1. Before rounding to the nearest 500, sum -39500 (n - 2.57) across all DSSP H runs of length at least 4 in the chain and divide by the residue total; then give [θ] at 222 nm in deg cm²/dmol.
2. 7 Å from Cα along Cα→Cβ at both Q3 and D81: what's the point-to-point distance in nm?
3. Quote to one decimal, in nm, the extra length available between Q10 and E32 on full extension: 0.36 nm per residue of separation minus the C-alpha distance between them.
4. Would you please state which residues of the stretch 325-358 a label at K411 would reach in this model, taking the label point 7 Å out along Cα→Cβ and a backbone N cut-off of under 20 Å?
5. Determine, for each peptide in 220-230, 21-31, the mean count of other beta carbons within 10 angstrom over its residues, then list the peptides with the highest first.
6. From the phi angles alone, apply the Karplus equation (6.51, -1.76, 1.60; θ = phi - 60°) to the stretch 326-335 and give each ³J(HN,Hα) in whole Hz, x where the residue is Gly or Pro.
7. At what distance in nm do the modelled label points of S285 and H138 sit from each other, each positioned 7 Å from its Cα along Cα→Cβ?
8. Looking at the chain as a GNM with Cα springs under 10 Å, which of F193, F344, F391 has the largest mean-square fluctuation?
Amino acid sequence: MTQPRREVLQKLTPVLTKRWLSPDAWKIDTYERLDGYSALRKALDVHPDDLIQLVKDSGLRGRGGAGFPTGLKWNFIPQGDGKPHYLVINADEGEPGTCKDLPLMTYDPHSLVEGAIIASYAIRASRAFIYIRGEAVHAARRLRYAVREAYAKGYLGENILGSGFDLDLVVHSGAGAYICGEETALLDSLEGFRGQPRLRPPFPAVAGLYASPTVVNNVGTIASVPYIVLGGADWWKSMGTEKSSGPMIYSLSGRIANPGQYECGLGITLRELIELAGGMKPGHSLKFWTPGGSSTPLLTAEHIDTPMDFEGVAAAGSILGTTAMQIFSDQDCPVYATWRWLEFYHHESCGKCTPCREGNYWMVRTYRRILSGEGTPADLDTLQDTADNIFGRSFCGLGDGAATPVVSTLKWFRQDYLDYIEGRTAPRLSAKALVGA
Ligand code: NAD
Ligand code: SF4
């Protein structure tokens, strides 16, 4: 392991992660001692419209993957429409490699609860939900505990801190379906239906939960709000870049010395992040990586100096996504990695639309054939053709996401495919993989 240089260490900006290592920060007494709920007191003295303006001024963009401007989304909520408004927090973190929201909810759940109260106040919602993935049992337990504590202290319920503002916050556990992280499938699931995506538009801001105006925001987005209220828009913008403001939690996994979460201003490069993580594992050199989970186009070693912000990653031909950076080395096989991701997406496809349901089924079969040494050069054309027919023709992002690593690896690593097909690489799967395929 190598020690990061001082100037690189200084790029760490612990904001959302700053309490993670404080013992008992998940309990309200500790949270309050560490400045917790002071942003709420400040926010309740401000007009809701001014809070929306503050979030707009900060340039905060959604941390769930798409990077949509948060203040703009809040502004879409019509006022005086007579309908109830809802805040729904998407805590169904499931993108392969992504692990920033679960530690946040486990170690610092009150920052999310406090952000939820402020955001609900800003959009005039009196009911909010946190939809957490079913497998995250421990994080859900911590969240429920935090919500109970917040009620007991008068931060939730009626007439919060004497402000006249009422809010109920419900923690709802999903049943472990990846598709319920898609915002409209999440809303269907929350309403008690099978979680399948709805047609957009209308977007949830217009017709969301129970057909009412709804803001759906990611955990990291909402947890950022108290810091913006306390620190101000200019302080937030002092981290990150002009168009991608603030700190971001980068989740590094794979062939690096110290996998984990590194919070830095948007725009840091992979080279610097790897240095912060103690370098590559001994004997490994970078071959390919995901900038934001497996549904974002893969990048290679030549992209190591890409600025990790929305614009920088787009200029390199990919998407910042969830900043889940899975690092693969010269000892990893891109064909095998793609097959593993594809098995996941195939399993998680909700089956609503044909390109994703059927396309993933056929692509998985083709990968199994190639990896068991039975592939032919024509399989590569079939894979490209199938992926091209999934892209842009699927009902929701899952289809596009599944096809992404296929297209990326065919583009960057065609030779690795041919090595299986032409017998230079030993099969990774036995003939059993083809049974039933
Ligand atoms: P999107 O760009 O379609 O929408 C982003 C957000 O902006 C949504 O909340 C949407 O309602 C809102 N929006 C967009 N246009 C709008 C308009 N005209 N009016 C009102 N609201 C509008 O992205 P998406 O399909 O919601 O999400 C895709 C992203 O999700 C991908 O970038 C991927 O990285 C990410 N993702 C994350 C995870 C995870 O575990 N966090 C899992 C899978 C995918
Ligand atoms: Fe369901 Fe896949 Fe179609 Fe999305 S793209 S609606 S997950 S079948």
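1. Mean residue ellipticity, 222 nm, calculated: -12000 deg cm²/dmol.
2. 5.7
3. 5.2 nm
4. The answer is 325-329, 333-342, whose backbone nitrogens lie closer than 20 Å to the label point.
5. Descending packing order for the listed peptides: 220-230, 21-31.
6. Listing the rounded values in order: 9, 9, 10, 10, 5, 9, 10, 9, x, 5 Hz.
7. 3.8
8. Looking only at F193, F344, F391, the biggest GNM fluctuation is shown by F193.
The values are calculated or read from the model by the stated rules, or taken from the named source; none is laboratory data. What you are looking at is a predicted structure, and each value in this text was computed from that prediction instead of being measured. A quick note on method: Cβ atoms are made from the backbone with ideal geometry, for glycine too, and the neighbour counts reach across all protein chains shown. Accessible surface is based on the protein model in full, side chains and every heavy atom, while ligands, DNA and RNA are left aside. Shrake-Rupley method; radii C 1.70, N 1.55, O 1.52, S 1.80 Å.
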